[in-house]
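First comes the structure, then the notes that go with it.
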Amino acid sequence: MNKVICIDGPAGSGKSTTAHAVSETLGVLFVDSGALYRIMTRECLRAGVDTADPAAVAAFCKGVKVDFVVKGGRVAYEVGGEEPGDTIRTPEINAHVSPVSAVPEVRAIVTGWLRDMPRLGDIVVEGRDIGSVVYPDSPYRFYLDCDPDERARRRQKEDASKGFVQTEEQVKASLLARDRIDSSRKTAPLKVPEGAIRIDTTHLPVEGVVAEIARHLR
Ligand code: DC
């Protein structure tokens with residue numbers, strides 16, 4: 001089977017930046033698992049599905065169709081022939097994605113998609129349950145941790161660059177609320193996968209994190 005590098009951690013811990021850098025440095029395909037939960041959430045909201053109703057979310061999400069295409073070193077997702085882009089990164093999606101991703105049927109669908117991806121090549125996957133549930137047998141499993149204030153600072157800057165301007169306090173409250181739901185849900189909660197290598201990124205620049213990961217891969 002092709003190589004699967006798993007990178008888990010809370011929002012703002014640097015997973016995405018790290019996984020992109022690992023993808024470039026090692027020439028493996030970048031896979032953003034959170035984007036799949038965000039797509040499910042966007043489709044629910046567009047269809048007027050109540051995201052607080054797990055049965056309605058489960059029934060609706062069964063019909064969501066996503067195509068997977070290799071583009072520029074990553075696995076791109078297309079819905080109706082189009083990539084969702086920043087339409088899945090709005091504060092509204094942020095507010096609804098945790099309840100949607102807590103629905104077991106939604107997790108089963110997304111997990112199935114993710115397990116199918118190594119057929120496209122070696123991959124680096126960032127998420128919350130990649131090393132614990134999706135690929136528990138991968139020898140390359142990492143968990144990134146980071147102080148919440150630093151996470152809020154990074155995320156606020158990132159969101160502002162996309163035009164979503166909020167205070168650091170607002171961003172921190174939203175991050176911590178999602179952490180709480182993501183860590184306490186019954187199915188596939190966010191946790192340090194057993195046997196994973198934990199890296200604290202609070203004071204470590206991305207090159208340092210990548211070097212640490214590359215060292216373990218060797
Ligand atoms: O990484 P992100 O912020 O784009 O993820 C969006 C949400 O999706 C996050 O609040 C939790 C959920 N998620 C998950 O439950 N499991 C994953 N593997 C990835 C994301």
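The values are calculated or read from the model by the stated rules, or taken from the named source; none is laboratory data. Please read these numbers as outputs of a predicted model, since none were measured by experiment. Cβ sites come from the backbone with ideal geometry, for glycine too, and all protein chains shown count toward neighbours. Keep in mind that these areas ignore ligands, DNA and RNA; they rest on the heavy atoms of the full protein, side chains included. Shrake-Rupley method; radii C 1.70, N 1.55, O 1.52, S 1.80 Å.
Filter LYS71/LYS186; LYS15/LYS162; LYS15/LYS191 down to the pairs with a C-alpha to C-alpha distance above 25 Å, please.
LYS71/LYS186
Which number comes out as Rg/Rh for the chain once both Rg and the Kirkwood Rh are worked out on C-alpha atoms?
My calculation puts Rg/Rh at 0.93.
Sort the following peptides by mean Cβ neighbour count (other Cβ atoms within 10 Å, averaged over residues), highest first: 167-175, 101-109.
101-109, 167-175
Amide H neighbours of ILE197 under 5 Å, counting only residues 5+ apart in sequence or on other chains, H built in-plane at 1.01 Å?
Counting only residues 5 or more places away or on other chains, the set is ARG141, PHE142, TYR143.
Could you give the length gained by full extension between LYS186 and ALA108, i.e. 0.36 nm per residue of separation minus their alpha carbon distance, to one decimal place? Working shown, then result.
Numbers: separation 78, 0.36 × 78 = 28.08 nm, distance 1.33 nm.
So the chain would gain 26.7 nm between LYS186 and ALA108.
With every protein chain present, what is the per residue accessible area of the chain (1.4 Å probe, Å²)?
47
About the Cα centre of the chain, what is the dipole size in debye to 20, counting +1 per Lys and Arg Cβ and -1 per Asp and Glu Cβ, all else neutral? Let's see the in-between values first.
On the way: 30 positive and 32 negative charges, 57 e Å.
Result for the chain is approximately 280 debye, rounded to the nearest 20.
Using the Cα atoms of the range 95-216 to build a convex hull, what is its mean projected area in square nanometres?
8.5
On the protein heavy atoms, probe 1.4 angstrom, tell me the percent of accessible surface of the range 98-188 carried by carbon and sulfur.
Accessible surface attributable to carbon and sulfur in the range 98-188 totals 51 percent.
In square angstrom, rounded to the nearest 10, how much accessible surface does VAL210 have for a 1.4 Å probe?
VAL210 exposes around 20 Å² with every protein chain in place.
Within a Cβ distance under 10 Å of ALA11, other residues only, what is the Lys/Arg minus Asp/Glu net charge? Present the calculation step by step, with values, prior to reporting the outcome.
On the way: positive: LYS15, ARG128, ARG151, ARG154, ARG155, ARG178; negative: ASP179, ASP182.
Combined, the nearby Lys, Arg, Asp and Glu give +4.
To one decimal place, what orientation-averaged projected area in nm² is obtained for the convex hull of the Cα set of the range 23-151?
Taking a quarter of the hull surface, the average projection is 8.7 nm².
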